[in-house]
Amino acid sequence: MTPPPELPTLTDDSEDDENLKLKERPSISIRMTIAISYALFFLLCVAITISSFWTISILEDKIKFLEITDNYLVEIQQARRFEKNYLLYGTNLDDALEHLTNAKKILSANSKTIKKIMGEKIFQSNSDYMQKYHDQLLKLGGEKKTGKIDDIVPLLRQYGGEMVSSAEEFVKKERGSVARMLMMAKRVPFYFISGLLVLIMIFVIYLTQNLMVTLKRFMDYTKRIGEGDFSPIVPAKKFKDEFTKLAEAFNTMIRELNHKHSILLESHKLRAIGTLVAGVAHELNNPLNNTLLTAEMLKEDLTVLSDTEKIEMIDDMINETVRSQVIVKGLLDFARESETTIKPLKIEKIVSEAIRLVANQVKMAMVKLKTNFEDNLPGIYGDEQLLKQVFVNLIINALDVLPPGGEVCVDIHKNKNSDFVVVEVEDNGPGIPEHIQSRIFEPFFTTKGQSKGTGLGLSVSKGIIRKLGGYMHLKRSSESGTIFMVSLPAIESPSEMMSKK
Amino acid sequence: MEEQKLKIMVIDDENIVGKRLKPALEKTGDIVETFEEGEKALARFDKEPFDIVVTDIRMEKINGIEILERILAKSSRTKVIIITGYATVEVAREALSKGAFDFIAKPFKPDDLRAIIARASKELKS
């Protein structure tokens, strides 16, 4: 079912509620978004700088450590050379022992650093190998005279080899790690800058998208408001930002506009009443004249008239009085100040009443008015008075441009492709000049001159129709005539409307 | 002294107007014919001219100004009195400029019209 559209009235304060709701939203302003983003960028920079310092200090340690291990390696390699010389040429074994002692000193002096970098296990195994090698060297020195060195040499070679290869491997690993760290230290700024660039781009795109989309929405709002839709704005975002403030300002403006529009509507209605009053006064003169003539003649001929004649004359007076009453009631219904009430209506009934109201204008203009209403029209939602105002206005506009003998045709049909009921008011007048066609719905635009038109008719009418969820536009205007079209959303089925009643 | 009878035609699409004016105007001894449709009245006029024509200005098919023009074209001595439902200066000026004898605004009393007819008949007889 089509929900009835809401017509804000003068006393409506739903916009206030809307603004209150906006105020209650959690606040994430654009300014805050930017500030937070900058803070994040700053923190990122700090983190990168700190990590760079950290990398460099580790590198320093590693390089220092490499020097130590280099020295250590040189010492144990020397020790092994002297050991080999001793075995081959019988040179002094003390040199080997001396270098080994140096190596031990280096190891123990820097045990803390080495342990930290090598790890306890490797450090321990290294020292073990060295100790075992040392033991074997001492043994070798002891057994020199006995010549029982065959058992010692293989062990010596094994421990020595393991000691050297373990140290070499470690040094190699360490060099590799230093090289990797250096490489990383070289790349990090590059990665960082690229990352930062991407982040900034994403941020800028997000912000502009965000701004553009919201600005576009506000542009749409102004268009909507311009067309007379004064329902309050509900921003799409969940959070409060600068645009929420703008939306609040818009809602305040909309409320003011709505208020002014109601006054405009009222003044336009008064204008229409003014026009209709002339016609009604004219129309009233006929039954009044009939009553007056009859009363005068009754009085004049009271004694000569038969009872039947008298009764006929009295009946005439009664009927003409009732006729006057009907004429006055039509105008009163139209003029009566009443709250806007949206309810299901029969469009053909509204249009017929509007036509009856302007019947006298039609007569005075000596114009023919034809109607063509489709059968079984669906109902619509609307306010009786406002809708009558729209159709009275459209017909009077047509009469204003028609010469005697002109024709106005009011056609109502259901649009076959959509759920709209369409009312077309067609005249065969001279048409609206093309250069002003785009301006006719502007408020205060009139071609009739200040004395005759306010320039509000079409703009107010369009506003009324727009509020009811319908459309009003100029369908066609040429030298052969003009068609104004009003489309209103249909209530789904006539039976539904009947059941509502 | 015997007065010559005047032939008066009343045209108004409100049938009560004719119904009431016929006896009212016949009291002076004049001959009164009433019509609700302009075309029928003109057709009758074509057969036989009338001295005075009282016509409503605004009717469905043919308006009083046109009736005025066509009657004066036929018989220029005929006095045409226009009934207006809503007296405006423009309508009165237009009617008078086109040769109407006078106009009377609705609502009026029979005596008001009788007075105008009396003036018209005076002019006719002079």
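Each reported figure results from applying straightforward, stated rules to the coordinates on display, with no laboratory input. Keep in mind that this is a model prediction, so the values were computed, not measured. For neighbour counting, all protein chains shown are included, and Cβ atoms are generated from backbone atoms with ideal geometry for every residue, glycine included.
Candidate cross-link partners of A:LYS84 among the lysines, defined by an alpha-carbon separation under 19 Å and a same-chain spacing of 8 or more, comprise A:LYS132, A:LYS139, A:LYS144, A:LYS145, A:LYS148. Taking the square roots of 5 times each eigenvalue of the Cα gyration tensor of the range B:1-49, largest first, gives ellipsoid semi-axes of 20, 15, 4 Å. In the range A:260-500, Cα pairs under 8 Å separated by at least six residues give a relative contact order of 18 percent. In 20 Å bins starting at zero, report the fraction of Cα pairs in chain A per bin as a rounded %. Here the calculated profile for chain A is 16, 26, 15, 11, 11, 11, 7, 2, 1, 0. The listed peptides A:351-361, A:205-215, ordered by packing as a protection proxy, come out as A:351-361, A:205-215 (highest mean of other Cβ atoms within 10 Å first).
Taking the longest Cα principal axis of chain A as reference, the axis of helix A:14-24 is set at about 10 degrees. Calculated [222 nm] ellipticity per residue, helices only, for chain A: -24000 deg cm²/dmol; basis is -39500 (n - 2.57) per DSSP H run with n ≥ 4, divided by all residues, nearest 500.
Using C-alpha pairs under 8 Å with a sequence gap of at least 6, the mean separation divided by the residue count of the range A:30-206 gives a relative contact order of 26 percent. Equivalent ellipsoid of the range A:30-206: semi-axes from √(5λ) of the C-alpha gyration tensor, largest first, are 55, 13, 11 Å.
State log₁₀ I(q)/I(0) for the range A:47-150 at q = 0.09, 0.10, 0.14, 0.20 Å⁻¹ as given by the Debye formula over alpha-carbon point scatterers of equal weight, solvent excluded. For the requested q values the scattering log ratios are -0.32, -0.38, -0.63, -0.99. Going 7 Å from the Cα of A:SER51 along its beta-carbon direction, which residues of the range A:26-43 have the amide nitrogen within less than 20 Å of the resulting point? Within reach of a label on A:SER51: A:37-43.
For the pair A:ILE36 and A:GLU98, label points projected 7 Å from Cα toward Cβ lie 7.2 nm apart. Across chain B, the relative contact order, built from alpha-carbon pairs under 8 Å that are at least six residues apart, equals 22 percent. Rounded to the nearest 10 degrees, the inclination of helix A:307-335 to the longest alpha-carbon principal axis of chain A is 20 degrees.
Sorting the segments A:274-287, A:84-97 by their residues' average number of neighbouring beta-carbon atoms within 10 angstrom, most packed first, yields A:274-287, A:84-97. Spin-label model, A:PHE203 to A:ASN85: label points 7 Å out along the Cα-to-beta-carbon direction sit 6.7 nm apart. Shielding by partners for peptide A:270-282, expressed as the average number of C-beta atoms from other protein chains within 10 Å of each residue's C-beta, is 1. Once backbone amide H atoms are built at 1.01 Å from N, B:THR34 has B:VAL10 as its partners under 5 Å, excluding neighbours fewer than 5 places away on the same chain. Mean partner shielding of peptide B:17-30, defined as the number of other chain Cβ atoms within 10 Å of each residue Cβ, is 3.
Simple spin-label estimate for A:ASP128 and A:GLU168 gives 2.2 nm between the two label positions (7 Å along the Cα-to-Cβ direction from each Cα).
Legend: residue pairs A:LYS368/B:LYS27; A:LYS310/B:LYS47; A:LYS62/A:LYS104; A:LYS370/A:LYS475; A:LYS238/A:LYS416, Cα-Cα distance threshold 29 Å; pairs beyond threshold, A:LYS368/B:LYS27; A:LYS310/B:LYS47; A:LYS238/A:LYS416.
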